[in-house]
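Report on the following structure.
The values are calculated or read from the model by the stated rules, or taken from the named source; none is laboratory data. Computed from a prediction, not measured in an experiment: that's the story for all the values here. Neighbour counts run over all protein chains shown; Cβ positions are idealised from the backbone, glycine included.
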């Protein structure tokens, strides 16, 4: 106790002494830092001076070189107009200066040039953009220069508007860092020391402490940092989880516009995962062509070749279809034929179906893909009987040939190798067209079948043998593949699961598209088998088996996949709106409104509901429909279901889309489609009959708009070609800003008497002041030839300008800005009742007022 | 105003004149009653270093300084539009070295005058509002930039009459641009400032092919593919009010607002993130009674001195490159509107 007390007292004494010392020390340090600053500034200025000297000599040479060349030619050859005598040095009185009035007898005229109407430089936008945060005028002092009063006025915000500047973090200068560091190193981190330092620098103690710890890290941890850097440079971090690796993708990719860094919907959108998975590409699943040397199909080449032969022989022998699939240049097409044709054959050959059934029932451990193959295999066996007979003769003839090739392989396992061989022939054969060659190869294969036949038959009869064979293949040929399976990194596993989601259990496609360079098809296939054998089995009919396993797989995937870490999602620039809609008070800002709308539309934000939307669904809550971008299922009751209109009926209110102020959506509506071809491939033609007339904003089917001096005021928008009533002319694009922002900007715009604000929906106002298109220059008229309409296009509100009547080519375009009656500036007010009758078109078209 | 951190203090010049140099009024001219908004010596052609031009109202006048303080009026041009009020003028020339005068003002039309032939060479229509300043690229004197009330800065080729680049858009000025200047040696670089209280540094390096193309363009100037430069390489918030004049001093920038001083600062750009960076204020040159805007300063050819007037008609001449700054002279001038430039002193 005693020692401790004395300890503390001595400490306090020390610190008291230290405090006086400390202030002195601090001042000393400050002086030192400031002196060094003076020196450094002088150094900089001096360095800069030398640079300027250099620049000047360069400039001098450029200016003087010219004079050497042209001194004689050009210049002011004429006599001066007049001369004004000056005051020779020393004679003139400093205070009194005699002034000459310049009187010029002659002066050249600068001929008149037509002025253009004033405008602010603007950037063309072909689609709306959300305002970037640094463009906000809210909370910023704006000084407005009054043209007439020649006075600078501060556009002061009312008190509630002035946002308290956020407590900004103090930026520590190097000098301050030095003071901090030196003092703390010498005097320790005592409370008095911290207080003294924070007072001295003039910031909060907590900040001083924080800074000290960062400095400590910086100085102490230099080695550590280098180590970390080295770690970072290791390229793709395979150790990361898939969601971490996809973080930047999720943050930057807009799933609505399908592009990166979308300016309309912004970064860091909430991820919506649809509750319904897309069906995978099942048709590609029995791709016969091995994807690589490491393809699992190499192991199945026996079965493959068989089925291929059937396709071919079938054509020639059974004459099911006149065209022989030997003409396949397209392998996929051939395959489809294959599966189609095999099926009828199966039903015909009833006798062999027993074998097939036996196979189905018992072979559960076999993976589904292999199963299909096995099925085909069985089929092929059936047909094989028929083929055998008919081709007996040819077979015998060609037998030696095949034996030759088989023996050339010279490998002790004739069955597998010939299988390979046939696979190769098969591939080549697919591209051949001549009937002869087909026959030959077919027979050749038939021969090889004889070799394998036993195996196949065995496989069909004895169910266990088939998987065994497969296993022995994979093990025998690619032992390293099996070993690798134990080294699957987390990201690879996750990629694999994604692959199963996308492609089904097709190891070729998964390996090629998702694990390229990481895992071979064989490895994927092995992994697939391992992971599926570890899962609970369900004995089901083969047709549904595939689906089932995938479902189990996805379930499994969902369980396995960790919930997306929140922190990750936060990264990147969050551009979320902080402003909530205020129903009251947008006093007197001129905002254009669309026709036929007394109530503003509601901004749509996709909901992330799973399956059905309940009461908690944000869409339901906001009063918007669920759209295709929502997470909920297609059968959600809140979904907008699109229209079922027959040909070109979407132009009137009878179309539910049209009536709801929406454009039709080819993804949703039944008969509204988009086509890009000319119809030569059997798809619907691009334009003309049957084309939905309510997708014009989506398809940008707009008119050419010209910009020219208005007949009324300022600039005007003109039409290049004539249009008929209700034709779509173009979109009014601009920056999407909040109502609050619009109120602030509006104040400034109203002063300048030129506003390009357009009320879009409950959340956004379009501002075309600095970004927009030519239609922003269309003038107001109370008797217009166009109208503006807000349409919901693929979940976004957009403003379309439409013809109200037939408009001739090169006519100027007008529409009613529909400013509120009490808000409208004088030029946009409706004419008085008495005047209304005699107001002709030209009179009715009120002037767009310009301030200049 | 934010406090200056320790170790970042600027060096402030003393207002006591050093009397290093004597300035005397050698002559005095008056052009009618209209204010003269600009006077500029020819810095781009050594034959005409003694020639200067003034603009005021709808008139552009060319003078020459002769021996013994004699000034000769050489040429005079009058815009047919009486409403025109020229705000700014700059010397330029074509590739053959024929001197041009480039003037602009309230009408927003840039007039290019061929002074060797005493006739209008071209008129550039395009700016959406009045033109506040025009400057010439000293290394390529066929290029001029103009700063306008329409919130843009535009680069023109005076010879071919082409608008090559427009510096405006997403990262551009948010109010009138009041001043613009070419970097003395980095041909790609310009600095602009204006009523949005910022100074922006722009680079046209990526667009230089268009500059070159403008010299060989034979089609109509209106068909030239004018490009928008939307993002500056640096934005500085050195001032808290209108910035009405900026000039390069080597790699540093001199700028002024309505705070009774000219500020010299160093733009410290971050290599990785364009547009960001900090401004290190190095020196301050106080100018009393200079709290109204649209008072510009100008430097001599060698960037040794800068002169600025104030509200009371006094002229302050600062030695720019001494540290701390030295006031060379304080001159009293009784005529408020005539702005004397000490550029004649070299």
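List of remarks:
- Within the stretch B:273-288, the residues that satisfy the criterion of being more than 10 Å from chain A (Cβ to nearest Cβ) and either closer than 19 Å to residue B:251 by Cβ or modelled with pLDDT under 85 (or both) are B:273, B:274, B:276, B:277, B:279, B:284, B:285.
- Where a residue in the stretch A:97-111 is at the interface with another protein chain (Cβ under 7 Å from one of its Cβ atoms) and its partner, wherever it lies, is assigned to a strand (DSSP E or B) and at pLDDT below 75, with Cβ under 6 Å and at least six apart: A:100/A:84
- The set of residues in the stretch B:158-170 being more than 8 Å from chain A (Cβ to nearest Cβ) and either assigned to a strand (DSSP E or B) or modelled with pLDDT under 90 (or both) consists of B:162, B:163, B:164, B:165, B:167.
Results for (1) surrounded by fewer than 18 Cβ atoms within 10 Å (Cβ to Cβ); (2) modelled with pLDDT of 75 or more, shown as yes or no for each residue.
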site: A:88; (1), (2): yes, no
site: A:91; (1), (2): yes, no
site: A:102; (1), (2): no, yes
site: A:127; (1), (2): yes, yes
site: A:148; (1), (2): yes, no
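- Candidates B:25, B:55, filtered to the one that is assigned to a strand (DSSP E or B) and in contact (Cβ under 8 Å) with a residue 40 or more places away in the chain: B:55
- Which listed residue, of A:523, A:494, is over 14 Å from residue A:296 (Cβ atoms), surrounded by 20 or more Cβ atoms within 10 Å (Cβ to Cβ) and touching a residue at least 24 places away in the same chain (Cβ under 8 Å): A:494
- One residue from B:39, B:55, B:60 being within 23 Å of residue B:138 (Cβ to Cβ), more than 9 Å from chain A (Cβ to nearest Cβ), buried (at least 23 other Cβ atoms within 10 Å of the Cβ) and touching a strand residue (DSSP E or B) at 6+ places or on another chain (Cβ under 9 Å): B:55
- Test result for residue A:116, closer than 30 Å to residue B:116 by Cα and either more than 9 Å from every other protein chain (Cβ to nearest Cβ) or modelled with pLDDT of 75 or more (or both): yes
- Test for residue A:59: is it at the interface with chain B (Cβ under 7 Å from one of its Cβ atoms), over 30 Å from residue B:283 (Cα atoms), buried (at least 18 other Cβ atoms within 10 Å of the Cβ) and at pLDDT 55 or above: no
- Counting the residues of the stretch B:63-92 that are under 18 Å from residue B:123 (Cβ atoms), surrounded by fewer than 19 Cβ atoms within 10 Å (Cβ to Cβ) and either in contact (Cβ under 8 Å) with a residue 60 or more places away in the chain or more than 7 Å from every other protein chain (Cβ to nearest Cβ) (or both) gives 2.
- Screening the candidates B:102, B:95 for the property of being closer than 21 Å to residue B:221 by Cα and either surrounded by fewer than 19 Cβ atoms within 10 Å (Cβ to Cβ) or facing chain A (nearest Cβ under 7 Å) (or both) yields one hit, B:95.
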